[in-house]
Amino acid sequence: MTASLVLIYFYSLTHITYPINLPKVGRAKDYPLFFGTAIFAFEGIGVVLPLENKMQRPQSFSLVLYLGMGIVTFLYISLGTIGYMCFGAHIGGSITLNLPNCWTYQAVKLLYCFGIFITFALQFYVPAEILIPTVVARVSERWETAVDLLLRTGLVIFTCKLLIVHLEEESVCLSTPPGSSKQFPVIALLDYL
């Protein structure tokens, strides 16, 4: 994902038009959408607390949290600003929708899809810790690891399939911020029904 992020920065930085023509302030009707998106992008408490509980030295958690959130904030602000300066008001819901259709940027989209699929399992940690022990308790000790991995993989594939179906209907790309993917299975399932 780092390589694809570098390619997006490179494309955006090399294609910035003269930004003086862009409005300095957005429309007032777009502010609720901005604040909702910003809060949604930083939501991740379902992963933060279990992460702190599993740390070897939980006393250094605040340093890790501040450093991580600082990096994420820098990336959001810089890429959002550079993307807006590059694409203007015609920017899609995801910056990847504005990339050209050459093999390099198609690879960027595939890398993001793969990265989201892989990290989705991390986002799925809390539900997995609730669901898996009850199922694993019903099988013999010999099959515990296999059932655990199979169930985790199945749950991730099932929820990603619901997500892809939902997003295809909405014509949205699969580039979501960390922490936000936990809600998609519920949203997609409710929309699917």
With the first residue restricted to region 75-91 and required to be in a loop (DSSP other than H, G, I, E, B), and the second required to be of a type in the set (Phe, Trp, Tyr), Cβ contacts under 7 Å at 6 or more apart or on different chains are 91/84
Listed residues 108, 72; which is within 18 Å of residue 6 (Cβ to Cβ), touching a residue at least 40 places away in the same chain (Cβ under 8 Å), touching a Pro at 6+ places or on another chain (Cβ under 8 Å) and surrounded by 15 or more Cβ atoms within 10 Å (Cβ to Cβ)? 72
Could you pull out every one of the helices (runs of 4 or more DSSP H) wholly within region 99-193 that has 1 or more residues that are within 21 Å of the chain's Cα centre (by Cα) and modelled with pLDDT under 75? 103-123, 144-170, 184-192
Say whether the condition of being touching a residue at least 24 places away in the same chain (Cβ under 8 Å) and in contact with a Phe, Trp or Tyr (Cβ under 7 Å, 6 or more places away or on another chain) is met by at least one residue in region 52-63. no
For region 1-19, give me the residue count where each residue is at pLDDT 80 or above, assigned to a helix (DSSP H, G or I) and exposed (fewer than 14 other Cβ atoms within 10 Å of the Cβ). 6
I'm trying to understand the selection: among the residues of region 38-66, which are among the aromatic types (Phe, Trp, Tyr) and loosely packed, with under 13 Cβ neighbours inside 10 Å? 66
Flag for residue 95 being among the aliphatic types (A, V, I, L, M), under 20 Å from residue 12 (Cβ atoms), in contact (Cβ under 8 Å) with a residue 12 or more places away in the chain and surrounded by 14 or more Cβ atoms within 10 Å (Cβ to Cβ): yes
Residue 20 - would you say it is farther than 30 Å from residue 129 by Cα, without any contact (Cβ under 8 Å) to a residue 60 or more places away in the chain and not charged (D, E, K, R)? yes
Residue 47 under 28 Å from residue 112 (Cα atoms), under 22 Å from the mean Cα position of the chain (by Cα) and without any contact (Cβ under 8 Å) to a residue 60 or more places away in the chain: no
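The values are calculated or read from the model by the stated rules, or taken from the named source; none is laboratory data. Because the structure is predicted, anything quoted here is derived from the model rather than measured. Positions of Cβ are generated from backbone atoms using ideal geometry, with glycine treated the same way; all protein chains shown enter the neighbour counts.
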